[in-house]
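Accompanying notes for the structure given below.
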Amino acid sequence: MHLAKHWRQKAAYYRLEGQRHRVTGEVRFPARQATVGESDEAAEAWEPFVLSGKGEIYSFSVVRQAPAGFEYLAPYPVALVRLAEGPLVTAQLTDCCEDDLFIGQPVEMVTRRLKDTGKDGVLVYGYKFRPVLTQVKGNG
Amino acid sequence: MQPDRPVGILGYGCYVPRYRIAGKEIARVWTDGQGGVPVQSKSVPGPDEDTITMAIEAARHALARAGLPARQLGGVWVGSESHPYSVKPSGTIVAEALGTTPWVSAADWEFACKAGSEAFTASMGMVASGMVNYMLAIGADTAQGRPGDALEYTASAGASAMVLGPASEALAIIEATVSYATDTPDFFRRAERPYPVHGQRFTGEPAYFHHVGSAARRLLSDLGRTPQDYTYAVFHQPNSKFPQSIAKQLGFTPEQTAPGLLSPQIGNTYSAIVFLGLSAILDIARPGDTIFLTSYGSGAGSDAYSVVVTDTLLERRDRAPRTADYLARQEFIDYAMYVKWRNELVVG
């Protein structure tokens, strides 16, 4: 069930928590642990930081042959999103279809159900992005 | 019931999914389009949405309006009859997503369509007693109706969130509340069963009208008020007709209830609906306006509240999307897509 894997990622997945450098203000996502050879001082210069969730589509594609567990969503768009703070993340787009999308489009983070791991498993929640709510029109 | 320490709403947030299904589309499948429909359309959760995801979005808006860091919340309480887990609280996941953990009371409330109202009244008590300064009360549901049942036309999805705190910091003050509850078998769902059933003759008059009417009349009497003393009123909305009928019986006018009457467009969002109606009113209300609110939950009970808008509303209103923004982004789907998303297809 990979319970520990999902649990460990909850801060990043649920609320887009990364890290910010205390001196330079640089933001990185996802958060990283200290790397081999890095001093304690250098590692501790990074503090937890919740990103704004604002960004724009850097590029996108549409998944038509979905991996196991995502078949019911297909076809669904996946994008590289350039976040307002700088990092580039890969994520599903939601509440939209291919025709709604363009490169450079403003998007915002939402927490959605990423995966159902089965009737005796957990529901995995995490970030997706959608076109900015107040700029969306429907077919109604 | 009036709090010793005055309590108010510091921030409010709403959420309605993007998708809709028209009543006439459901009727096309089940009745060959014959007969009337109880609402024009209802909201449908997307395939990656549930009570928890909708609660999170509404809660983020409520915190944004309150201008309150999530860690200051003393509690995150989620009322729903469609918690995604039978055992594992929605409240902890919502609290984690907001960044409120670990020093917080996280809990789930249940009372059919009144679960959000339960969380709201209990949150009033927490603030009024001085045990905590700020509470987050959420009502959220992805309601289920048996395919072909009358309920399928109305059982919809949405969420509302209210940050409660000291009245001195509030955009609206909750003057008083009353609760009225009896054992009434009007609507229920046994454990392990997928769909609820109506308790035949108990639906309607002995359930909704008796409980909503009793709570509403008692609160008006306790405060020495009449319906004319209120600018707006919201009643629980299981369909379009019931809230308009009870409003008329009590002496409220269509002008008072129209801004908060959302069920014709989005159906019955269960635990969320009265607070979504309140959100829609707060989106347009002016300082000094008064709002009368009455919830209803099958089983059965009603909570009534009297609310007064303060000057603070004007500076906080535009910190988050309005209810109308969610109502406007409607994307209609057909019955086939609706069935696919509800996992009612056996794919093997």
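What to note about this one:
- Sub-6 Å Cβ pairs linking a first residue in region A:20-48 that is among the aliphatic types (A, V, I, L, M) to a second residue that is in a loop (DSSP other than H, G, I, E, B), at least 6 apart or interchain, are A:27/A:85; A:27/A:86; A:43/A:34; A:45/A:22, ordered by first then second residue.
- There is at least one residue in region B:89-111 that is in contact (Cβ under 8 Å) with a residue 40 or more places away in the chain, under 30 Å from residue B:41 (Cβ atoms) and either in a strand (DSSP E or B) or away from every other protein chain (no Cβ under 14 Å) (or both).
- Among the residues of region A:45-80, those identified as of a type in the set (Phe, Trp, Tyr), within 13 Å of another protein chain (Cβ to nearest Cβ) and farther than 22 Å from residue A:20 by Cα are A:70, A:72, A:76.
- When we screen A:116, A:40 for residues that are at the interface with another protein chain (Cβ under 10 Å from one of its Cβ atoms), open to solvent by 60 Å² or more (accessible area, probe 1.4 Å) and at pLDDT below 95, the only hit is A:116.
- Odd one out for residue B:33, checked against (1) open to solvent by 10 Å² or more (accessible area, probe 1.4 Å); (2) assigned to a helix (DSSP H, G or I); (3) free of Cβ contacts under 8 Å to residues at least 60 places away in the same chain; (4) touching a Lys or Arg at 6+ places or on another chain (Cβ under 8 Å): (2)
- On inspection, residue A:72 qualifies as farther than 16 Å from residue A:106 by Cα, surrounded by 12 or more Cβ atoms within 10 Å (Cβ to Cβ) and out of contact with any strand residue (DSSP E or B) (no Cβ under 8 Å at 6 or more places or on another chain).
- Residue that is among the aromatic types (Phe, Trp, Tyr) and touching a Ser or Thr at 6+ places or on another chain (Cβ under 8 Å), where the choices are B:195, B:208, B:230: B:230
- Lone qualifier among B:302, B:245 - being surrounded by fewer than 17 Cβ atoms within 10 Å (Cβ to Cβ) and away from every other protein chain (no Cβ under 14 Å): B:245
- Per the conditions (1) modelled with pLDDT of 95 or more; (2) crowded, with 18+ Cβ neighbours inside 10 Å, the sole criterion not satisfied by residue A:102 is (2).
- Close pairs (9 angstrom Cβ cut-off, 6 or more residues apart or separate chains): in a helix (DSSP H, G or I) in region A:85-98, surrounded by 12 or more Cβ atoms within 10 Å (Cβ to Cβ) anywhere: A:98/A:60; A:98/A:62; A:98/A:77
- Looking across region B:51-68 at every residue that is within 15 Å of the chain's Cα centre (by Cα) and hydrophobic (A, V, I, L, M, F, W, C), the one that is farthest from the other protein chains (Cβ to nearest Cβ) is identified as B:62.
- Considering region B:215-231, the residues that are open to solvent by 30 Å² or more (accessible area, probe 1.4 Å) and of a type outside the set (Lys, Arg) include one that is nearest to residue B:279 (Cα to Cα), namely B:231.
- Neighbours by Cβ (under 6 Å, 6+ apart or cross-chain): first from region A:123-136, within 13 Å of residue A:95 (Cα to Cα); second among the basic types (Lys, Arg) and in a loop (DSSP other than H, G, I, E, B): A:136/B:329
- Restricting attention to region B:112-153 and to residues that are part of a strand (DSSP E or B) and β-branched (Val, Ile, Thr), the residue that is farthest from the chain's Cα centre (by Cα) turns out to be B:142.
- Residue count for region B:322-342, restricted to those that are under 17 Å from the mean Cα position of the chain (by Cα) and open to solvent by 30 Å² or more (accessible area, probe 1.4 Å): 2
- Flag set for residue B:283, criterion: open to solvent by less than 50 Å² (accessible area, probe 1.4 Å), touching a residue at least 12 places away in the same chain (Cβ under 8 Å), acidic (Asp, Glu) and within 14 Å of another protein chain (Cβ to nearest Cβ).
The values are calculated or read from the model by the stated rules, or taken from the named source; none is laboratory data. Everything numeric in this text was worked out from a predicted model, so none of it was measured. When we count neighbours, we look across all protein chains shown, and the Cβ atoms used for this are built from the backbone with ideal geometry, even at glycine. Note: accessible area is taken over every heavy atom of the protein model, side chains too, but ligands, DNA and RNA are not part of it. Shrake-Rupley method; radii C 1.70, N 1.55, O 1.52, S 1.80 Å.
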